[in-house]
1. Straight-line reach only, C-alpha to C-alpha below 20 angstrom: list the lysines that K283 could link to, leaving out same-chain residues fewer than 8 apart.
2. Give me the percent relative contact order of region 363-447, please, defined on Cα pairs under 8 angstrom at least 6 residues apart.
3. May I ask you to list the aspartates and glutamates whose Cα is less than 15 Å away from that of K350, ignoring any residue fewer than eight positions away on the same chain?
4. Going Cα to Cα from K140, which lysines come in below 28 Å? Please leave out same-chain ones fewer than 8 positions away.
5. Which whole-Hz ³J(HN,Hα) couplings does region 164-174 yield from phi under the Karplus relation 6.51 cos²θ - 1.76 cosθ + 1.60, θ = phi - 60°, glycine and proline marked x?
6. So what's the gap between the Cα centers of region 81-112 and region 398-422, to the nearest angstrom?
7. Return the whole-Å distance between the Cα centroid of region 242-271 and the Cα centroid of region 142-210.
8. Which FRET efficiency, nearest 0.05, do T226 and R78 yield, Cβ-Cβ r, R0 60 Å?
Amino acid sequence: MRPPRSTCFFRTLLTGAFLLCVCFWVSGCGQSAAPQNSGLTETGAYSLPWGLTLNKDASKLYVVNNLNFSVSVVRTDRMATIKTIPVACWPRYITFNRDYTRLYVTHDSLVSCSYPQTGYEKLNGTYVSVIDISEGKVVKEIAITSISGARSIASDENNDAIYVHSPTTRAIAVIDDSTMSLVDTDTLSDLASSVTMRYDSSNDRLYVVDDEDARIEMLDIEDPLTLKFDSPYYNAQENGYCLGTDMPNSCACSTDSDCASRDCDTSLALPQCVYSCNASSSKYPDGCICASDTDCIGGTCLTDSKVCATKTDIYLGTIRGYYDREKSITYSTTDAEEINGDLKYLSICKQPRDILPLPDQTAYVTCTSSNAEDESDPLLRIMWDDDGLANSGKIVSTLDSAEPCNKPTRMAADPTYTYAFVLCQGQGVMLVIDIASGKVLFSPEVPDFPIDIVVSSDYAYVSTSSANEIFRYSLTEFQGARITLK
């Protein structure tokens, strides 16, 4: 296995209003500038800090304190807590609504617990707290009666909705922000488990990570306020990469089974898959007219168009091939390993942990590997374009997918999607990745048991369960270093 990257970092620890500077310099990074890591805290200000979010101009950081049932409001210019807002028991994650006037806070299922700072009546069940920013207090607690335990939460700025994910119930609840009320709950019956949820505003889509079956469930949002979601489908004759079997038309082939159309035209000088609607075993390829699901090879006859299609099924346990983003060429696994030898060390993604969709139609996925003791848990960058999503069981990854991240927790990107940040608990580092090139610029140390990360244009903020601290990392140094990289 490859040796770990050496790191360069500065750490600054603030206690109250008194500034103590403790600087560590570890040589060997090979970079002309070092990322600056500032650990910032006020004694007693946080108690098991968990979820993080920033207001619109990043002047305030909101920190969920899981053990003292509160949300700390922190001025980011001097990292000082200016207000503490009491909430119900066991808060976890937090998000703003789309106009930044309210905060929504998830809680574990509320059972017997005390409210040391509040006069709230004890609550039982699953709730989401609503904080009014102008009033600086909780104005409503929304009962989510149909799920047990609320964890991930996301704001849909396109539809004025809040999504709440329950890994225990494997369900998504929808809250109407305009009325601060529960719309309904959608149970994800196809999933064996669900560990986290992400919202993708550019595609108006939800992603739910199934860590048991190594899958990512995708839900296209039609109208969340009437609970209308749909799974994405594709035409296998038109979309996909020229790898393996079930390839789209125009791909080179040798037999009919290579083609989604089930028609490899071997009369051509260079045989290739061609369009066909000839039934194979009484079933038709995608794009052909159908009457019911049983008519289609892909298993779906679309209700509106009555055309065969295949449901997108992002299974992460098998890599179909690798895509070179610079040359726009797709390679088989064997050929890719000849080009990038590090791919030979890439472990199987047994349990996906998080997904970070990117504007360039790729997505980072963190995983744990098939060996619990293995320190090479893979960080995959998978193709997320129409061809990449034309997937029924095998992903197409990129050539820069060989970076390990042992025991990953959370990922984030800066507002301009210049950098991706990946928390690797097992290695005790945060990978800072240049999204354009896919190269890891730095791997600064992070505290033990990092939980959440949020990023502004200037800083990355990390919460940890090992200390009552929020750690801050300067992006200015990252940018300075990136200019010097070749």
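1. K306, K311
2. Working: 167 pairs, mean separation 17.0, N = 85.
Value for region 363-447: 20 percent.
3. D210, D211, E212, D213, E373, D374, E375, D377
4. Counting by Cα, and skipping residues close in sequence, K140 has these lysines nearby: K56, K60, K83, K122, K228.
5. After applying 6.51 cos²θ - 1.76 cosθ + 1.60, I find 10, 10, 10, x, 5, 8, 6, 8, 10, 9, 10 Hz.
6. 27
7. So the separation of the two Cα centres works out to 41 Å.
8. Details: r = 45 Å, r/R0 = 0.76.
Taking R0 as 60 Å, the efficiency between T226 and R78 is 0.85.
Coordinate-derived values only; no laboratory data. What you see is a predicted model; the values in this text were computed from it and never measured. In this analysis, Cβ positions are derived from the backbone assuming ideal geometry, glycine residues included, and neighbour counts consider all displayed protein chains.
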